[in-house]
Amino acid sequence: MSKIRVLVGTKKGAFILTSDGKRKQWEVSGPHFAGWEIYHLKGSPTEPNRIYASQTSGWFGQIVQRSDDGGKTWDTPGGGAAPSPDGMPRGESNKFVYEGEVGKHLWYDGTQHPWEFKRVWHMEPSLTDPDTVYAGVEDAAIFKTTNGGKTWQELPGLRNAKGNLWQPGAGGMAVHTIVLDPKNEKRIFVAISAAGVFRTDDGGQTWRPANKGLKSPYALPDPDAEVGHCVHRIAMHRSRPGVLFMQKHWDVMRSDNAGESWQEVSGNLPSDFGFPIDVHFHEPETVYVVPIKSDSEHYPPDGKLRVYRSKTGGNEWEPLTKGLPQKDCYVNVLRDAMAVDALEPCGIYFGTTGGQVYASADSGDSWDAIVHDLPSVLSVEVQTLP
Amino acid sequence: MIRVVLPFHLRTLARVDGEVQVEVGSPATMRGVLDALETRYPVLRGTIRDHVTLRRRPFIRFFACEEDMSNEPPETKLPEAVVKGTEPFLVVGAMAGG
């Protein structure tokens, strides 16, 4: 029987939740890296026991951790105490240094401000090579390792895509989403708050904005602004990489041409503000969002935690409430905190800022909390294991 | 040998218990201690001072013989008691944040 492994990053450590394919009984392992902010963990699609984690701290900076046994043990890929046999400088796995001139971006007061590395928000392992990983960082840039995380190099072409016009949002200015095209290894999408979506078709050498159709009237007076949009998350179904779904600061959007243009599909949602968005593993037109009341309040409308599902690729949405708190609930669900498994029926998972991780083993029809009282959840990823 | 006390999270990261000891050439300076510390425990690179500029991270402080040396130049010589090993050099996570 298949096994499910849920990787949970929180503000005070990482937790690993495991279950068999029934997804009823769960074992909880953790905290790993207790006391550290774990922005994201993700396993390699080709070697699922290879897991990468972003461990970060306001005091001690950025650490990259790697497990080769499914999260039982961890190590810093380039940080061991023993001398490096190949002469590689140790400690390099934690080193994220922008290429060339650091450059400047737009600051809150309209001036230009130099890029400053703060942390890794998102780790995206290659679909084909377990040693290759992309890291989305704050201040916004994308880095790549091809040696299992021992060293990281920036792909500086991204910041050349009008980086001088990017501006931090309230949560900073980070590459928080990286989507790899499963049918074209040269094509990658990233999303940045508050800059927008960017696409490369040459493996990361050059990038261009992919924001046509996005409207941000309160932030950007120019309705055709190429960059500056506060995109919260984008998602793709692996069978249809040309179709993208987006949860923006306001508006849920859809692109049918790989980001060349976007159209709004918010439809009947009670609020089109929110953070995560994801697609059903088996149904490319089934999409999930968690509406949040507003950018001022950051909690569910009416104190009711509701996932909304569209089976029509947007516009027509239904609330999913069974098993979720329907009164006095004022948590948030962050952008990287929703994931789906590959079982039939598809499992949907999300974590909250209140420390709950909810799971549905029936495509969202009903929900149970796997855990209630973790630290505030920053990210949720799911692995479906044989 | 110079005794160094690390904060809890850096001890965990370096996989050490209690104090660590590093050998530093003469004259022993703060920079010499940090260089030796990072050579012996490479995972600590970037956690105490910036990878490139080698500037102290904002919420890290250095103390020796009850003196705050955090804002002293890196070439500052360590007190004799630290050089002799009767007092430790302390790397401290500043009390800040939540």
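The values are calculated or read from the model by the stated rules, or taken from the named source; none is laboratory data. Small disclaimer: the values here were computed from a predicted structure and weren't measured. Positions of Cβ are backbone-derived with ideal geometry, glycine not excepted, and every protein chain shown enters the neighbour counts.
Could you pull out the residue among A:TYR308, A:TYR299 that is free of Cβ contacts under 8 Å to residues at least 40 places away in the same chain, within 27 Å of A:ALA361 (Cβ to Cβ) and part of a strand (DSSP E or B)? Answer to the check: A:TYR308.
Exactly one residue among A:GLY9, A:GLY35, A:GLY70 is within 14 Å of A:GLU381 (Cβ to Cβ) and assigned to a loop (DSSP other than H, G, I, E, B), and that residue is A:GLY70. Of the residues making up region B:18-47, those that are away from every other protein chain (no Cβ under 12 Å), within 18 Å of B:PRO7 (Cβ to Cβ) and β-branched (Val, Ile, Thr) are B:VAL22, B:VAL33.
For every residue, the table says whether it meets (1) among the small types (Gly, Ala, Ser); (2) more than 19 Å from A:GLY61 (Cα to Cα).
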site	(1), (2)
B:VAL24	no, yes
B:ASP35	no, no
B:GLY46	yes, no
B:ARG49	no, no
B:ARG57	no, no
B:MET69	no, yes
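Taking the stated definitions as given, is A:LEU305 touching a strand residue (DSSP E or B) at 6+ places or on another chain (Cβ under 9 Å) and more than 29 Å from A:MET123 (Cα to Cα)? Please lay out each step first, then the result.
Working: touching a strand residue (DSSP E or B) at 6+ places or on another chain (Cβ under 9 Å): yes; more than 29 Å from A:MET123 (Cα to Cα): no.
So A:LEU305 does not fit the description; no.
Looking at A:VAL120, is it within 13 Å of chain B (Cβ to nearest Cβ) and part of a loop (DSSP other than H, G, I, E, B)? Taking the combined requirement at face value, the residue does not satisfy it. Do the conditions hold for A:GLY9, that is, is it among the small types (Gly, Ala, Ser) and touching a helix residue (DSSP H, G or I) at 6+ places or on another chain (Cβ under 8 Å)? It is false that A:GLY9 is among the small types (Gly, Ala, Ser) and touching a helix residue (DSSP H, G or I) at 6+ places or on another chain (Cβ under 8 Å). Just one of the listed residues (A:THR206, A:THR200) is buried (at least 19 other Cβ atoms within 10 Å of the Cβ), more than 29 Å from A:GLY351 (Cα to Cα) and free of Cβ contacts under 8 Å to residues at least 60 places away in the same chain, and it is A:THR200.
Contact list please: Cβ distance under 6 Å, first residue in region A:163-181 and under 16 Å from A:THR206 (Cα atoms), second residue among the hydroxyl-bearing types (Ser, Thr, Tyr) and surrounded by 19 or more Cβ atoms within 10 Å (Cβ to Cβ), pairs at least six apart or on different chains. These pairs meet every condition: A:ILE178/A:TYR134.
Looking at A:ARG187, A:ARG233, just one residue is under 19 Å from A:ARG254 (Cβ atoms) and in contact with a Pro (Cβ under 6 Å, 6 or more places away or on another chain), and that residue is A:ARG233.
Looking at A:THR46, A:THR76, just one residue is of a type in the set (Val, Ile, Thr) and at pLDDT 95 or above, and that residue is A:THR46. Looking across region B:63-98 at every residue that is in contact (Cβ under 8 Å) with a residue 60 or more places away in the chain and not in a loop (DSSP other than H, G, I, E, B), the one that is nearest to the other protein chains (Cβ to nearest Cβ) is identified as B:GLY93. Please determine whether any residue of region A:254-263 is in contact with a Leu (Cβ under 9 Å, 6 or more places away or on another chain) and more than 21 Å from A:ARG208 (Cα to Cα). So far as region A:254-263 goes, no, none of its residues is in contact with a Leu (Cβ under 9 Å, 6 or more places away or on another chain) and more than 21 Å from A:ARG208 (Cα to Cα).
Filtering region B:86-98 to residues that are modelled with pLDDT of 95 or more and surrounded by fewer than 13 Cβ atoms within 10 Å (Cβ to Cβ) leaves only B:THR86. Listed conditions (1) under 21 Å from A:LYS322 (Cβ atoms); (2) among the hydroxyl-bearing types (Ser, Thr, Tyr); (3) in contact with a Phe, Trp or Tyr (Cβ under 8 Å, 6 or more places away or on another chain); (4) surrounded by fewer than 23 Cβ atoms within 10 Å (Cβ to Cβ) are all met by A:TYR288, apart from (4). Scanning region A:345-362 for residues that are crowded, with 19+ Cβ neighbours inside 10 Å and over 20 Å from the mean Cα position of the chain (by Cα) gives a single hit, A:ALA361.
The residue that is farthest from the other protein chains (Cβ to nearest Cβ), counting only those in region B:52-62 that are surrounded by 18 or more Cβ atoms within 10 Å (Cβ to Cβ) and without any contact (Cβ under 8 Å) to a residue 24 or more places away in the chain, is B:ARG56.
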